[in-house]
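Here, each number is a calculation from the coordinates, and none is a lab measurement. A quick note: this is a predicted structure, and the numbers were derived from the prediction, not measured. Cβ: placed from backbone, ideal geometry, glycine included. Neighbour counts: every protein chain shown.
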Amino acid sequence: MPRTLIIAHHDGDRLNPSTSKCVSCALELGNEIDLAVFAEDPAAVAAEAATLTGVTRVLTSVQSDSGHRLAAVLAPQIAATAADYSHLLAPATTFGKDLMPRVAALLGVAQVSDLMAVVSPYTFKRPIYAGSVIVTVTAPSDQVVVATVRIASYPAAAGGGSAPIEPLEVTCELPTHTRYLGLEASAGDRPDLQSAARVVAGGRALASAENFELIYQLADRLGAGVGASRAAVDAGYVPNDTQIGQTGKIIAPELYFAIGISGAIQHLTGIKDAGTIVAINKDADAPIFEVADIGLVGDLFQVVPELEQALADG
Amino acid sequence: MKILVGIKRAIDYNVRVQLRPDGAGVVTDGVKMSINPFDEIALEEALRIREAGKAEEVVAVSIGPPDAQQQLRTALAMGADRAILVDTAESVQPLTAARILLKITEREQPGLVIVGKQAIDDDNGQTGQMLAALWGRPQATFASRVELGDGTMRVVREVDVGLETIEVDLPAVITADLRLNEPRFVKLPEIMKAKRKPLDVLALTELGVESGSQLQIDAHEPPAKRQRGVRVEDVPGLVAALKQRGLL
């Protein structure tokens, strides 16, 4: 019987919004959906997951320590559960990208990365070459499908549901060769880049970490998350986890500001699902203007403060 | 300790990839090929570990057509001690690549395997994790800093919310992220020297690897195009355009 298992991405307290987008993808498969929460204390995350419309059951597995953050520890438990399912999904966040290939290899099956559309229960679309090409792939229908879901391709699932929460019993030997030591979160108070409705991003033209303050001010005025091009990250203006693009984050905000970003193909692949793209750049021929919905040719050092002031004035 | 590094031949980072007119893939004739940039970072890290006196040998491995010897020669010029090409004309998917690398790992018994976190052609990002699973060893993906201990390695990983630190027992598989290091440039004398370094070619059929589960590739198509937008002259124009769309 076809049945989908989604592996919840969470931080121990809250469900990561990417999980809800996975539910929207799973709904296209047409199967009943189980959502598994592996955590030291899964209760709060499970309660949140149970409200997602479309989820049939939430399954909780109590983990003894922070080992559940490790793919090496989680993968054998998921593989041991796989026999009951036709599809295993996780979001294509660093969590899912780390985990699911390990699960697939333990099961001896291929894995679909960055699933962006369901054509039929075993046929999917996914991007290659930084999204320059979309391929349609078919997985063997006599094996479980293991996939990561490109979260920018799916909306969040609706809330208001009330799925039952049941314990998941898994018995398998867990490795001790990998140990979790800690996380240095670079967050702050700004909205999370991958789920923010608005994102303001800066590029190399900002020219220094100090000048990036302009981007932060505009972002705060808009209640937006902050992103950056690879060039700006490489130059050390902003932390690595702000990078948007092929090798960074793929985002789909309603409103995206590309400021001083030329628009290399590797960057564009990270924003092509944005609702409205606004580009501000000095170079009228910059490729970013080919994808921008609203383009303004101008010096960002004049335009951005003026824009921030205009927004402040309402 | 011996370090094994995966080297994939891929279309160069700077090439604008074109779809073939018959839709059966992308244009590769006359297109510049290079080492996948993440694999170059993987190799650089292996070389630095050897240069720090913590490894004796760096072996570069590629899976691909005979032409992939070019990328292996570049790897040798960068400083790898020897190279192995697993020769196959077939397009190899990650699970098969992992099975092949497992065979090489069994032969070579490395203390560490480093590969790129993804190849910029198929953007799968699976091979390192799959090798680690099949080998029954730790994986440390998206590595931005590594520190060798006594039979262990401490790895800082680039995750969505920041930097995560884990410790793995060796042997282990590391996948290199963008900011692990900046790969060195190859100098001419090293290119000459690399011609004399050993490069073994093994036929895939000799290794006895079954390809197993594969995804069937049905079609290639261009991505959906965005509508061309409007230009505004100044900030008031921009604010008006945003208001018109209901975004402010």
| query | Does the stretch A:61-145 come out rounded, prolate or oblate, given a ≥ b ≥ c as the square roots of the eigenvalues of its C-alpha gyration tensor, rounded meaning a/c under 1.5 and, failing that, prolate meaning a/b above b/c? | reply | oblate
| said: Residue by residue through B:224-236, how many Cβ atoms from other chains fall within 10 Å of the Cβ on average? | reply: 6
| note | Given unit charges at Cβ for Lys, Arg (+) and Asp, Glu (-), the dipole magnitude of the stretch B:64-135 about its Cα centre in debye, nearest 20, is 240
| Counting other Cβ atoms within 10 Å, which trypsin sites (Lys or Arg not before Pro) in the stretch B:4-80 have at most 11 and lie in a DSSP loop? | B:16, B:32
| query | Per the Kirkwood formula on distinct C-alpha pairs, the Rh of the stretch B:136-248 is how many angstrom? | reply | 21.1
| message | Compute a Gaussian network model of chain A, connecting alpha carbons closer than 10 Å, and tell me which residue from A:64, A:208, A:262 fluctuates the most. | response | A:64
| message | As an exercise, use a Förster radius of 25 Å and the Cβ-Cβ distance of residue B:227 and residue A:299 to find the FRET efficiency, rounded to the nearest 0.05. | response | 0.40
| query | Which of B:4, B:131, A:106 comes first, and how do the rest follow, when ranked by fewest Cβ neighbours within 10 Å? | reply | A:106, B:4, B:131
| note | A correct Karplus calculation of ³J(HN,Hα) over the stretch B:143-154, with 6.51 cos²θ - 1.76 cosθ + 1.60, θ = phi - 60°, whole Hz and x for Gly and Pro, returns 6, 10, 7, 10, 9, 7, x, 8, x, 9, 9, 9
| Out of A:36, A:44, A:104, any idea which swings most in a Gaussian network model of chain A, alpha carbons joined below 10 Å? | A:44
| field | Number of partner chain Cβ atoms within 10 Å, mean per residue of B:11-23 | value | 2
| query | Along the charge dipole of the stretch A:120-240, which of A:205, A:153, A:186 sits closest to the positive end, that is, farthest toward it, with unit charges on the beta carbon of Lys, Arg, Asp and Glu (+1, +1, -1, -1)? | reply | A:205
| query | Within the stretch B:178-220, which trypsin sites (Lys or Arg not before Pro) sit in a loop by DSSP and count at most 12 neighbouring Cβ atoms inside 10 Å? | reply | B:187, B:195, B:196
| query | How would you classify the stretch A:267-314 from its alpha-carbon gyration tensor, with a ≥ b ≥ c the square roots of the eigenvalues: rounded for a/c under 1.5, else prolate if a/b is greater than b/c, otherwise oblate? | reply | oblate
| said: Which residue fluctuates most in the GNM of chain B (Cα springs below 10 Å): B:120, B:217, B:63? | reply: B:217
| field | Share antiparallel - DSSP beta bridges, the stretch B:127-248, percent rounded to 5 | value | 80
| message | Counting only other chains, and only Cβ atoms inside 10 Å, what mean value do you get across the residues of B:42-52? | response | 0
| note | Residues meeting the amide H criterion for residue B:159 (H placed from the backbone, H to H distance under 5 Å, 5 or more places apart or on another chain) are B:164
| query | So how far, in whole Å, is the C-alpha centre of the stretch A:253-278 from the one of the stretch B:204-234? | reply | 20
| query | Any idea how far the Cα center of the stretch B:139-156 sits from the one of the stretch A:1-63, in Å? | reply | 31
| note | Pseudo-spin-label distance residue A:312 to residue B:195, built 7 Å along Cα→Cβ, given in nm, is 6.6
| request: Taking trypsin sites (Lys or Arg not before Pro) as candidate sites, keep only those in a DSSP loop with at most 15 other Cβ atoms within 10 Å, then name the longest stretch of chain A containing none of them. | output: A:15-281
| note | Distance in Å, no decimals, from the C-alpha centre of the stretch A:167-220 to the one of the stretch B:14-79 is 30
| query | Let a ≥ b ≥ c be the square roots of the eigenvalues of the Cα gyration tensor of the stretch A:178-284; is it rounded (a/c under 1.5), or, if not, prolate (a/b larger than b/c) or oblate? | reply | rounded
| field | ³J(HN,Hα), Karplus 6.51/-1.76/1.60, whole Hz, each residue of the stretch A:147-152, x for Gly, Pro | value | 8, 9, 9, 5, 5, 5
| field | Size of charge dipole - chain B - debye, nearest 20, with Cβ of Lys, Arg +1 and Asp, Glu -1, no other charges | value | 660
| request: Tell me which residues come under 5 Å, amide H to amide H, from residue B:152 once H is placed; ignore anything under 5 positions away on its chain. | output: B:170
| request: Using the Cα centre as the reference, give the magnitude of the dipole from point charges on the C-beta atoms of the protein assembly as shown (Lys, Arg: +1; Asp, Glu: -1; all else neutral), rounded to the nearest 20 debye. | output: 1100
| field | Exposed-loop-free span, longest in chain A, where GluC sites (Glu not before Pro) count as exposed if DSSP calls them loop and at most 16 other C-beta atoms lie within 10 Å | value | A:41-168
| What residues qualify as long-range amide H neighbours of residue A:158, i.e. H under 5 Å apart, gap of 5 or more or another chain, H built at 1.01 Å from N? | A:53
| task | Using the Kirkwood radius over Cα pairs, work out the Stokes-Einstein diffusion coefficient for chain A at 37 °C and 0.692 mPa s, in µm²/s as a whole number. | result | 160
| task | Among B:175, A:225, B:28, flag the residue with its Cα farthest along the positive direction of the charge dipole of the protein assembly as shown, charges on Cβ as +1 for Lys/Arg and -1 for Asp/Glu. | result | B:28
| query | the protein assembly as shown: percent of C-alpha pairs farther apart than 38 Å? | reply | 29
| field | Per-residue [θ]222 nm for the protein assembly as shown (sum of -39500 (n - 2.57) over DSSP H runs n ≥ 4, rounded to 500) | value | -7500 deg cm²/dmol
| Zone of residue A:56's modelled label, taken as backbone nitrogen in the stretch A:5-41 under 17 Å from a point 7 Å along Cα→Cβ | A:5-8, A:23-37
| query | Along the positive direction of the dipole of the protein assembly as shown (beta-carbon charges: Lys, Arg +1; Asp, Glu -1; about the Cα centre), which of B:194, A:27, A:260 reaches farthest? | reply | B:194
| field | P(r) of the stretch A:103-211 over all Cα-Cα pairs, binned every 10 Å from zero, in whole percent | value | 9, 22, 31, 29, 8, 1
| task | DSSP loop (so not H, G, I, E, B), at most 16 other Cβ within 10 Å: list which GluC sites (Glu not before Pro) in the stretch B:64-136 pass both filters. | result | B:90
| message | In whole Hz and in residue order, list the ³J(HN,Hα) couplings for the stretch A:26-37 that follow from phi through the Karplus curve 6.51 cos²θ - 1.76 cosθ + 1.60, θ = phi - 60°; x for Gly and Pro. | response | 4, 4, 5, 6, x, 8, 5, 10, 9, 10, 9, 10
